[in-house]
1. I'd like the projected area of region D:159-238, averaged over all directions, using the convex hull of its alpha carbons. Report it in nm² with one decimal.
2. Between residue A:296 and residue D:311, what FRET efficiency follows from the Cβ-Cβ distance if R0 is 30 Å, with the result rounded to 0.05?
3. Shielding by partners for D:200-213, please: the mean number of other protein chain Cβ atoms within 10 Å of each residue's Cβ.
4. Sort shortest first the distances from residue B:68 to its counterpart in every other copy, using label points 7 Å along the Cα-to-beta-carbon line, and give them in nm.
5. So what are the ³J(HN,Hα) numbers for region B:188-198, from phi and the Karplus equation (6.51, -1.76, 1.60; θ = phi - 60°), rounded to whole Hz, Gly and Pro as x?
6. Output, in nm with one decimal and in ascending order, the distances from the residue C:5 label point to the matching label points of the other copies (7 Å from Cα along Cα-to-Cβ).
7. Measure nothing fancy, just the Cα-based angle from helix D:298-312's long axis to the longest principal axis of chain D, in degrees from 0 to 90, nearest 10.
8. Give the percent of DSSP beta bridges with both residues in chain C that are antiparallel, rounded to the nearest 5.
4 protein chains.
Amino acid sequence: MPEPRVLRAAVVGAGYWGPNLARNFAASERWELAAVCDLDAARAARVARASGGADVETSLDALLARDDVDAVAIATPARTHHAIAMAALRAGKHVVVEKPLAADAASADEMIAEARERGLVLMTDHTYCYTPAVLKIRELIEAGELGEILYVDSVRINLGLVQPDVDVFWDLAPHDLSIIDFVLPGGLRPRSVAAHGGDPLGAGKACVGYLFLPLAGGAVVNVHVNWLSPTKIRRIAIGGSRRTLVWDDLNPQQRLSVYDRGVDLDQVGAVPADDRRAATVSYRLGDTWSPALPEREALGQMVAELASAIHEGRAPLTDGRAGRRVLGVLEAASASLAAGGALVAPEQDRELEITA
Amino acid sequence: MPEPRVLRAAVVGAGYWGPNLARNFAASERWELAAVCDLDAARAARVARASGGADVETSLDALLARDDVDAVAIATPARTHHAIAMAALRAGKHVVVEKPLAADAASADEMIAEARERGLVLMTDHTYCYTPAVLKIRELIEAGELGEILYVDSVRINLGLVQPDVDVFWDLAPHDLSIIDFVLPGGLRPRSVAAHGGDPLGAGKACVGYLFLPLAGGAVVNVHVNWLSPTKIRRIAIGGSRRTLVWDDLNPQQRLSVYDRGVDLDQVGAVPADDRRAATVSYRLGDTWSPALPEREALGQMVAELASAIHEGRAPLTDGRAGRRVLGVLEAASASLAAGGALVAPEQDRELEITA
Amino acid sequence: MPEPRVLRAAVVGAGYWGPNLARNFAASERWELAAVCDLDAARAARVARASGGADVETSLDALLARDDVDAVAIATPARTHHAIAMAALRAGKHVVVEKPLAADAASADEMIAEARERGLVLMTDHTYCYTPAVLKIRELIEAGELGEILYVDSVRINLGLVQPDVDVFWDLAPHDLSIIDFVLPGGLRPRSVAAHGGDPLGAGKACVGYLFLPLAGGAVVNVHVNWLSPTKIRRIAIGGSRRTLVWDDLNPQQRLSVYDRGVDLDQVGAVPADDRRAATVSYRLGDTWSPALPEREALGQMVAELASAIHEGRAPLTDGRAGRRVLGVLEAASASLAAGGALVAPEQDRELEITA
Amino acid sequence: MPEPRVLRAAVVGAGYWGPNLARNFAASERWELAAVCDLDAARAARVARASGGADVETSLDALLARDDVDAVAIATPARTHHAIAMAALRAGKHVVVEKPLAADAASADEMIAEARERGLVLMTDHTYCYTPAVLKIRELIEAGELGEILYVDSVRINLGLVQPDVDVFWDLAPHDLSIIDFVLPGGLRPRSVAAHGGDPLGAGKACVGYLFLPLAGGAVVNVHVNWLSPTKIRRIAIGGSRRTLVWDDLNPQQRLSVYDRGVDLDQVGAVPADDRRAATVSYRLGDTWSPALPEREALGQMVAELASAIHEGRAPLTDGRAGRRVLGVLEAASASLAAGGALVAPEQDRELEITA
């Protein structure tokens, strides 16, 4: 098999996240960093220099006109993602977009359709999905180690700055939702979403929030996000019919624990479904196991996956539709919040209708 | 001040909880254990003997006819609480009832009214409220150490037996609700209750549950209960405008932590209320403090409080109305669950209407 | 196989530990509690009654003259162990002695010899060895799961009462030493012992102590005991050539952790022994595993083991010689302490000389 | 007060630690980075560029001949520290040396004498001492918050690479010793040192080690270092007569805990010293307190302290003699190890004799 050609990337936006993208493209064997583009030339130049040298562009049009750029990584404010991504796709570039994929699901649908029509890769930079822990969770679930998923309970709380433009759901929950979308077989497709928020400081937006997402089949997902907690918790528990997994991101000595404990489903399964309610439920107390995890930077894995997707002509692990599903849940959450916590079904993505 | 007279208690029900009550009445300087009453004479005799000796009664009527019994402690199944308590009150006995106070809020209202009319003490045995940690939390909040309460987040999860008669809300949440009721000034009086549950095993009842309770003034309470978790968590965080308290019941070396961190409310307060949304919010990072706690058995404190309430002719710390408020929330939770998670206002207790 | 005869035990000493022994003999299917013996008849009667009824004896001679007593459990002050045990053995009784086995190693040697000559069981009640965690550690080491033992590091610290008669080594280290003796194949037989102590309060005895015990073959054992620590730690790490085990007795959710990490010994072994110093050492980062442990009372296991040893005519797992080895290390530690921390070889037990 | 002149630093050695020093000098308001010096010009150039630009020197003589360099930071292998530092001092430069200060205490004595004679600052880069946690520990002890120091117990264990040139004492213990030296009033001046080591792999050097250091006045210091531990612990407990402090460097949410628990010394003090052994000792169980710590890079604090020391003409907090004391303990440890763990008194530093 011939060595795949080294691809050339341009980073658009030299603010907070752009330098990280630039550094990882520059460090990857699969990529060359062709250019850094920002209206502020000095800022772009600093990022280009710190990444070992790349062209500086201040015009998006000029950048997209270059034929030596294979992919564009967009790290600009969310409201500009759609316009820049559409322009890049129309110029024939593959595109990876910092999360959130777009300001709203409708914009995301257009981006997905555009990429699809042009045969280009559209990727969402759900960075957390490429950490060794989350990749391992996905692998374990895919291999059936947890059995059928029964519940997911995610907590992401800390003392955070009250954001001027978004509430705590849009600020923090995208991390949880993108991870859950990544590890659940088939992605996160809740039947509906209920959101409850608290604004006890009178900040004009929810600072404490709870999302409840019933899935088809009876499993439930809950996400608790909080800007007002002096303690920091980053914990996702995934209960399965065979085993339960807990990810504690703040415990570097044991990030993942897999508990071989729970209800003995075989026994429940042994009785006819309609008698199940009467069945005596027994519990199993088995060992705990914590898999070793490699030390690898997530963003390096992300840019490698982008290269592989382009070379293999396939959707990346976190494609546009994954970003779209997360947006769909967040929009449903906002609608639920406005409706006093009522269950709101997320609008399906257009692509799904097309392919279904 | 004369030494208060030693009171005489009878325990009704010699099953799971009765022996604990009997032992604590027997061990208290304020009490004598007069009798243990159970239909099963052998069982009653065992409990009486293990408590150092007391009369055995197998007839409730006979017990209540005795004039050497001041108070009756009821530790029978919940559905019998109302009938036994009403009989005891009518016989002029003070009454303490194992939680839940009654099978439903209407029964509780009758019990409260009966005790009120007769000038007798009606107490709910919310044992957890008398642990050193919870007493300290109440004291700190009362003293203003936390400031205004902003949120309460309670988690009570473990591998629990699926109960035949109740769901996870009725099994586990009474602990959280009674504690929160005890420590919040004025008790737990949510404007409404939303309950979301999951039954991923098809057990016929919720095994995973979330309660959301908005309070007047913008604070929010959340309770997460779960029978399917292989890890055990007993944690209540109470966020305040001045400080935040975390109770971790499974960390005996540091059960309570008080964090002097959070939003600088003075600054928020300095701007007019309608500009608050625009105010720049700043954060304060102060010390953490963990108060020393005495080692004392909660149930011993409970029976002492019952004695004090009787002697002083006042309501005990966990009176009938506290038990009634918890029942009210649980009933609203069940109603919300049946209504797909819609917010349901708990019915006010009758007493409140009378006194208001 | 016929059901083994139920044995009859007498407990001598109704103070702190005697009631626990009495309760466990009474609860065991293998035993009947025949008598409780104490100079204080009332105290003995209380213990007998709480254990469901047994004879009360106030004379040791009378007790030992009874032919319906198979075994005597001695829970009197340490300085009396030798005399009582010798009398019991001479009366043909099997004997189990609360730790320490005797006040000094010479006395222990006599007790061992006496039991040996008479074909009776002499057991040391090293209770901790019968906890599920320690039994599992022994089993894992015996099965070779840890490989060759490289080091043992034991920490037992807390705020403890300064004892009037013993220093911190004799108060706390017997726990660690008896456990280490139990799990190491062949028992704890250090080449020598170095002890360093601190008496920063001027209490007249060491309140902070460190034991260092080099074993044959290059492994080392260290024990840290401390009465002055406000934090409580009970932790033993056992490093092996294949895996390392950590026992954290204060973490009920994960008492045992087995780490599949360490130096890759195969590689070291691949080079000739004299080149080993030059070998490049590589590290292996594998999974962590925490075995499930049953919930069982240690003392119940101990009395069952005593019954089995008597029936099978074999030495119990914690026999007199195990108690003797612990005493030998403690005596060497005291000698080292007196010699400014010099390495002192423990005197071998007489039995060893006889059998060798 | 006039703004102190900005000083100019040169970094000698562009290997592992040099780039960190260069970056911090470049980032400090008190310093300019004048030059980076290394025999490997390309390596020096990389470090100079990454620090925002500085001259590159490949000759130490040429560097020291420059009159625009105030201070030289030495980050070369330990065996070269003496020669480079002596040359720099003779050239009139202030000097800071990466730990260890020199290869042996005698060399360190010469460096200290040279700096003293020339009125120049000689500093040891004990970086850890400038972390917020260690600075706070020093401050608390200095303010008397812990009372009289009774014991120090330090544990620094993890899976570490077996070093080719040094044993585990020289590799890891300098961190503990420099910290303890920094926080103890008057520095770490043990009466003697006992070292016990284990080499269970046959690596030709101790891989597991224990240091015991009795101090004047009865306090004791113990340091446990281990290259073979799969778990990582970085913990120092400092027991005082008033309070005890525990530093857990791997718990970012609560690095420092101050326990107001321990023996009630007032009571012990109330009895005459010779009766103290008979005194009944009582224990006090008070609160725990965890001071907030700022987030600041230690090396930035270190270079600021160097600037202040130069400007104020005083010894820096971690001066040459601090480095010398640590070397003295390590040399005594090696001597003790060679003598089978016997207590060895560290040779006093020459300076002490001169000044005493």
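1. Its Cα hull, projected and averaged over all orientations, spans 5.6 nm².
2. Efficiency for this residue pair is about 0.10.
3. Per-residue shielding by partner chains comes out at 6.
4. 3.7, 10.4, 10.5
5. Karplus values, whole Hz, x for Gly and Pro: 8, 10, x, 5, 7, 9, 10, 10, 10, x, x.
6. 6.1, 9.3, 10.1
7. Orientation of helix D:298-312: about 70 degrees from the principal axis.
8. Beta bridges within chain C, antiparallel portion: roughly 55 percent.
The values are calculated or read from the model by the stated rules, or taken from the named source; none is laboratory data. Just so it is clear, the structure is predicted and the values come from calculations on it, not from any experiment. Counting neighbours? That spans all protein chains shown, and the Cβs are built from the backbone with ideal geometry, glycine included. Heavy atoms of the whole protein, side chains included, go into the accessibility calculation; ligands, DNA and RNA do not. Shrake-Rupley method; radii C 1.70, N 1.55, O 1.52, S 1.80 Å.
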